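**Q** Here you go, one structure.
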Amino acid sequence: MVQISDLEKTKLWEERIADFLSSGLTQKAWCEEKGIPGHQLGYRLRKYKSKDVKQPTNRWVNLPTSHVIGSGVSLKLGKVVLEVEPGFDEQTFVSVLRALMAVC
């Protein structure tokens, strides 16, 4: 079995929590979709909320997408413009959003 460091585990769970919070799903539905035991997410959420971490003031919601070729989305946050093109890498997008949320 491969062991991961505490830092890697923390980073992994930060990404999972960000994914859960942005999913709009219930804890149970998200865990079933990801194949993660519900008690693990519950534990990590309690740890996350008990830290002195600024909690997001808003939640991301899923919007229906269309399959129009060539269409993309532009998101303007102050002076920052984030352009998302069809076929984007979801993990990179989540990382960019987390970085933006940390500075906004």
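We did not get these values from a lab; they are worked out from the coordinates using the rules stated. All values reported here derive from a predicted model rather than from experimental measurement. Backbone-built Cβ (ideal geometry, glycine too); neighbour counts: all protein chains shown.
**Q** Based on other C-beta atoms within 10 Å, arrange ILE36, ILE4 from fewest to most.
**A** Ascending number of Cβ neighbours within 10 Å: ILE4, ILE36.
**Q** Any of LYS49/LYS76; LYS9/LYS51; LYS28/LYS51; LYS11/LYS79 with alpha carbons more than 18 Å apart? Name them for me.
**A** LYS49/LYS76; LYS28/LYS51; LYS11/LYS79
**Q** Moving to a separate point now. Any idea how far apart LYS47 and GLU83 come out in nm if each label point goes 7 Å out from Cα toward Cβ?
**A** In this crude label model, LYS47 to GLU83 measures out at 4.0 nm.
**Q** So for the pair ASP19, MET101, with labels modelled 7 Å out along Cα→Cβ, what separation do we get in nm?
**A** Calculated label separation equals 1.4 nm.
**Q** Calculate, in nm to one decimal, what LYS34 and GLU8 gain on full extension: separation in residues at 0.36 nm each, minus their alpha carbon distance.
**A** Taking 0.36 nm per residue and subtracting the Cα distance, the gain is 7.5 nm.
**Q** Which order, highest average first, do 80-91, 7-18 follow once you tally other Cβ atoms within 10 Å for each residue and take the mean per peptide?
**A** Those peptides, ordered most packed to least, come out 7-18, 80-91.
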